[in-house]
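First comes the structure, then the notes that go with it.
The values are calculated or read from the model by the stated rules, or taken from the named source; none is laboratory data. Treat the numbers as computed from the prediction; the structure is a model and nothing was measured. FYI the Cβ positions are ideal-geometry reconstructions off the backbone, even for glycines, and counts take in every protein chain you see. Surface accessibility is based on the protein's heavy atoms, side chains included, excluding ligands, DNA and RNA. Shrake-Rupley method; radii C 1.70, N 1.55, O 1.52, S 1.80 Å.
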Amino acid sequence: MVKKDKGKARAVDVDPEPTERSPLLGDGGSPSHTRSTSRPVHPHIAAIQNERARESRTRSILYIALIISLSLLAAFGLFLALLLNSFRPSVTELDTLQDTAFQYQGPDGISIVNITDDGILVNVSLRAGIDWDRALGIQQWADEEEKQEAVWKGDRGTGADWWESLRQWTARKMMRQLSEPTVQVSIPDQVLVLPDHFNSFPLLQVTIPSEFAIPLIANARSGTRDWLPPLSILALAKPIASTGDLLAFAQRAWEQGELRVVVGVSKAQATIPLSGWLARFAKIEKLDITKQINMPGMSPPLT
């Protein structure tokens, strides 16, 4: 007779058969225990999403490139404006340019063209020119002392070496762009000619009816005037002093051996014939100009 083993048998888990009360989700019915599956995206929708992403990236790149380009253009425009403005003379230079940049010799001759009730039309011949380097402040300094004096006055041409080299290069390029290297001078108001001692009334009233051109000379030799080209100016002169004052002035000039007068004008305009937007940087107006002129060659009478 075979005995049955009464020891403990290994329990075997057997899923109970589902009943009406069994949970539908199993394991307590918690949805977190279930494995969710995502739906596949339609290929057409995926293509649209990729295209939109590419368009967004492209717009971002274009915006960045536009901002960089505008910043570079603004910086270049500001630098160019500073460069062109550096050619403008300072306040102290404006008072001395008529003696440093503008050079003349003569007059060599005065010829009468016509005599009318309005005055005497004369043609004045002289030698005159404008030192281009001095006018734009790109001249070479004679020594360090002269440069330090210019620095103290705030004049042009005293910057760093690279800056001054750039200014010189720009000035040379500007001059080559000129069809005629001249400065057009206009004197709309009447010019008064007075004795040099300022203790009498004006002698002459001179009207310059039209503009006249003064040549621009680059690399002018400092200290000499042999580079001055000839110049002719048409002027209408009308005596306004009495006959006695004119005779006294002539006698004084004869005794001194030269004619000394002071020429004064209330306003004069000088324009370099540049075209386009550069023209606004090439015009200077000066007010209340006085210039002393000495004409040697008159000999005193023999005794």
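Annotation note: Cβ proximity below 9 Å between a residue of the range 98-115 that is on the phi < 0 side of the Ramachandran plot and a residue that is open to solvent by 80 Å² or more (accessible area, probe 1.4 Å) and in a loop (DSSP other than H, G, I, E, B) (sequence gap 6+ or interchain) occurs for GLN103/ARG225; TYR104/ARG225; GLN105/ARG225. Applying the criterion of being in contact with a helix residue (DSSP H, G or I) (Cβ under 9 Å, 6 or more places away or on another chain) and not β-branched (Val, Ile, Thr) to the residues of the range 119-138, the residue that is most open to solvent (accessible area, probe 1.4 Å) is ARG134.
Of all the numbered requirements in (1) farther than 24 Å from GLY119 by Cα; (2) exposed (fewer than 13 other Cβ atoms within 10 Å of the Cβ), LEU247 misses one, and that requirement is (1).
If you go through the range 158-183 and pick out every residue that is of a type in the set (Gly, Ala, Ser) and closer than 13 Å to TRP132 by Cα, you end up with 1. Considering only residues in the range 255-273 that are over 20 Å from THR182 (Cα atoms) and small (Gly, Ala, Ser), the one that is modelled with the lowest pLDDT turns out to be GLY257. Restricting attention to the range 250-267, the residues that are open to solvent by 50 Å² or more (accessible area, probe 1.4 Å), in contact (Cβ under 8 Å) with a residue 12 or more places away in the chain and more than 34 Å from the chain's Cα centre (by Cα) add up to 5. In summary, MET174 fulfils each of the numbered conditions (1) in a loop (DSSP other than H, G, I, E, B); (2) modelled with pLDDT under 85 with the single exception of condition (1). Can you confirm whether the range 67-87 contains a residue that is touching an Asp or Glu at 6+ places or on another chain (Cβ under 8 Å) and closer than 21 Å to ALA220 by Cβ? No; the residues of the range 67-87 include none that is touching an Asp or Glu at 6+ places or on another chain (Cβ under 8 Å) and closer than 21 Å to ALA220 by Cβ. Residues in the range 139-170 that are open to solvent by less than 70 Å² (accessible area, probe 1.4 Å), of a type in the set (S, T, N, Q) and assigned to a loop (DSSP other than H, G, I, E, B): GLN139, THR158. The residue list LEU278, LEU302, LEU228, LEU246 contains one member that is under 23 Å from GLN177 (Cα atoms) and either at pLDDT below 85 or in contact with a helix residue (DSSP H, G or I) (Cβ under 6 Å, 6 or more places away or on another chain) (or both), which is LEU278. Mind checking which residues of the range 209-244 are more than 23 Å from ASP131 (Cα to Cα) and open to solvent by less than 50 Å² (accessible area, probe 1.4 Å)? The answer is ALA235, LEU236, ALA237, ALA241, GLY244.
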